[in-house]
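The values are calculated or read from the model by the stated rules, or taken from the named source; none is laboratory data. Fair warning: this is a prediction, and the values are worked out from it, not measured in the lab. So basically every Cβ, Gly included, is an ideal-geometry build from the backbone, and we count neighbours across all protein chains shown.
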Amino acid sequence: MERDSSPNLDRLAIGLSAMCVVHCVLSVVLVALLSSATFLTDPVIHRAGLAGAVLLAAVALRQGYVSHRARRPAIVGLAGLSLMTFALFVPHGWAEVAATVTGVSILAAAHLMNARSRA
């Protein structure tokens, strides 16, 4: 019997979400304090992070759905990913951080729901 790695993927996704929140808040603070820290707000970092979040969510939430047939985690996850995508089009600053952190938090909640649905 093949072992389902969905709970581990959900835990990994929640951890990466936490790292994203720290990165977003810390980036704005450091840029405000040090004008040379603008590399932290490079759009490549944000696009790569979103791509990783989309891939990880697609695998973990799909595996969870196959296991427990609950749609809510996938719907909530899609809402979080949508807000994270929206944040790519907001100018750098607190509005971008708010959109990203909110989206990441919603996505982390979806992964938590997914993991709990399996229990």
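Answer yes or no as to whether S82 is at pLDDT 90 or above, in a helix (DSSP H, G or I), surrounded by fewer than 15 Cβ atoms within 10 Å (Cβ to Cβ) and out of contact with any strand residue (DSSP E or B) (no Cβ under 6 Å at 6 or more places or on another chain). Spell out how you get there, then give the answer.
Details: at pLDDT 90 or above: yes; in a helix (DSSP H, G or I): yes; surrounded by fewer than 15 Cβ atoms within 10 Å (Cβ to Cβ): yes; out of contact with any strand residue (DSSP E or B) (no Cβ under 6 Å at 6 or more places or on another chain): yes.
So S82 fits the description; yes.
Restricting segment 85-105 to residues that are aliphatic (A, V, I, L, M) and closer than 18 Å to L16 by Cβ, the residue that is surrounded by the most Cβ atoms within 10 Å (Cβ to Cβ) is V104. Selection of segment 1-23 for residues being among the hydroxyl-bearing types (S, T, Y) and either more than 30 Å from R116 (Cα to Cα) or modelled with pLDDT under 85 (or both) yields S5, S6. Scan segment 65-74 for residues that are part of a helix (DSSP H, G or I) and either among the aromatic types (F, W, Y) or closer than 14 Å to A109 by Cα (or both) and the total you get is 4. Here segment 24-57 is the region considered, the condition is being within 14 Å of G93 (Cβ to Cβ) and of a type in the set (S, T, Y), and the residue that is modelled with the highest pLDDT is S27.
Of all residues in segment 66-77, those being surrounded by 15 or more Cβ atoms within 10 Å (Cβ to Cβ) and within 16 Å of the chain's Cα centre (by Cα) number 4.
Conditions (1) aliphatic (A, V, I, L, M); (2) touching a Ser or Thr at 6+ places or on another chain (Cβ under 6 Å); (3) touching a residue at least 40 places away in the same chain (Cβ under 8 Å), marked per residue:
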position: L78; (1), (2), (3): yes, no, no
position: L81; (1), (2), (3): yes, no, no
position: F86; (1), (2), (3): no, no, no
position: F89; (1), (2), (3): no, no, no
position: G93; (1), (2), (3): no, no, yes
position: T102; (1), (2), (3): no, no, no
position: I106; (1), (2), (3): yes, no, no
position: N114; (1), (2), (3): no, no, yes
position: S117; (1), (2), (3): no, no, yes
